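The values are calculated or read from the model by the stated rules, or taken from the named source; none is laboratory data. All figures in this text were calculated on a predicted structure; none of them were measured in a lab. Cβ: placed from backbone, ideal geometry, glycine included. Neighbour counts: every protein chain shown.
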Amino acid sequence: MATILITGGTGLVGNALTNALLQKGHHIIILTRQKDKQSGISNLSYATWDVEKMQMDEEAITQADYIIHLAGAGVADKRWTAKRKKEILDSRVKSGELLVQSLKTISNQVKALVSASAIGWYGADPEIPNPNPFKEDDVSSDDFLGKTCKLWEESLNPLASSGIRLVKLRTGIVLSKKGGALKEFLKPLQFRVAAILGNGKQIISWIHIDDLVNMFIAAIENENLNGVYNAVAPNPVSNKELTLALARAKYKFFIPFYVPSFILKFMLGEMSIEVLKSATVSAEKIINAGFHFNYSTIENAVSPEALS
């Protein structure tokens, strides 16, 4: 079994991925800023790093066979002030630069690095429906998230010349009962209100967390995977379709309610652009590479069984 070093291992995706890899018998090392943190779990350990000081636990790099890079400040956690936007960008770019520096200066046996990215790389659909979903070779958007994703991915590009296989997964909206975007969609449903955002026509490119975890594992195990892949399910849906699917999975009776765009703009500020943006993203490349989705439609992805 392999030793896998994970950054961002305590987040939503990191927790699910760590559990799945432990079940497969791998040894996991999670990078943390907390010194002397102990896991109490066999095959799970912690090592320290400090992105701001560009410091890395050398032994963790030496031991690793693979690296999964998930670190980054939550995009939707706080209002996008200038300070918060800098945190979002720096947490991704500087952590990538630290990994590159460490792999170039510390003796290691790393075979591949698999990094999260995001479909924020792409701009808005030119029309709805969009007959030409965004693909991996499309240029990045010039908005905040597009520029952030571009710099995020570019921070790791120097590894391409070092013989380390580099895979980048541009992740869509992750559906998980344990948090993330789905938690926000479900809040109004406590009151049997299906809150449709704006006109509800904007397309959401989503992925069930189990499929995302399996995709990261496939990126480690399949040596033929290389470069950028969209981590989205093959059937994107409108905001209205997603909201109603969630409501139907939970209740027989509910009230659809449209939340006007101006209210979202007032509440969220610049972040409302992303909430209201339509982005139809293609899963064709990863499917052609042999990946199988367990949750390919929104109905099975939000069913009680899928989110149990």
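The table below lists the values:
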{"item": "Scope the stretch 270-300; condition touching a strand residue (DSSP E or B) at 6+ places or on another chain (Cβ under 6 Å) and among the basic types (Lys, Arg); matching residues", "result": "LYS285"}
{"item": "THR62 vs. criteria under 19 Å from the mean Cα position of the chain (by Cα), of a type in the set (S, T, N, Q) and in a helix (DSSP H, G or I)", "result": "no"}
{"item": "Residues of the stretch 148-183 that turn out to be of a type outside the set (Ser, Thr, Tyr), more than 22 Å from LYS285 (Cβ to Cβ) and touching a residue at least 40 places away in the same chain (Cβ under 8 Å), as a count", "result": "8"}
{"item": "Selection within the stretch 227-263 - touching a Phe, Trp or Tyr at 6+ places or on another chain (Cβ under 8 Å), under 21 Å from GLU274 (Cβ atoms) and either polar (S, T, N, Q) or not in a strand (DSSP E or B) (or both)", "result": "ASN230, VAL232, ALA233, PRO236, LEU242, THR243, LEU246"}
{"item": "Unique match (being surrounded by fewer than 21 Cβ atoms within 10 Å (Cβ to Cβ), free of Cβ contacts under 8 Å to residues at least 40 places away in the same chain and out of contact with any Phe, Trp or Tyr (no Cβ under 6 Å at 6 or more places or on another chain)) among ASN224, ASN214, ASN199, ASN288", "result": "ASN288"}
{"item": "Number of positions in the stretch 4-42 that are crowded, with 18+ Cβ neighbours inside 10 Å and assigned to a loop (DSSP other than H, G, I, E, B)", "result": "4"}
{"item": "Per-region count, the stretch 162-181, residues in a loop (DSSP other than H, G, I, E, B) and at pLDDT 95 or above", "result": "2"}
{"item": "Residues satisfying the stated conditions in the stretch 102-129, i.e. surrounded by fewer than 17 Cβ atoms within 10 Å (Cβ to Cβ) and either in contact with a strand residue (DSSP E or B) (Cβ under 8 Å, 6 or more places away or on another chain) or assigned to a loop (DSSP other than H, G, I, E, B) (or both)", "result": "ILE106, SER107, GLN109, LYS111, PRO126, GLU127, ILE128, PRO129"}
{"item": "Which numbered condition ILE273 fails, given (1) closer than 24 Å to SER141 by Cα; (2) among the β-branched types (Val, Ile, Thr); (3) surrounded by fewer than 19 Cβ atoms within 10 Å (Cβ to Cβ); (4) in contact with a Pro (Cβ under 7 Å, 6 or more places away or on another chain)", "result": "(4)"}
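Here's the yes/no breakdown for (1) touching a residue at least 60 places away in the same chain (Cβ under 8 Å); (2) more than 16 Å from GLU97 (Cα to Cα):
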| site | (1), (2) |
| --- | --- |
| GLY9 | yes, yes |
| LEU17 | yes, yes |
| LEU22 | no, yes |
| GLY25 | no, yes |
| LEU31 | no, no |
| LYS35 | no, yes |
| GLY40 | no, yes |
| MET54 | no, no |
| ASP57 | no, no |
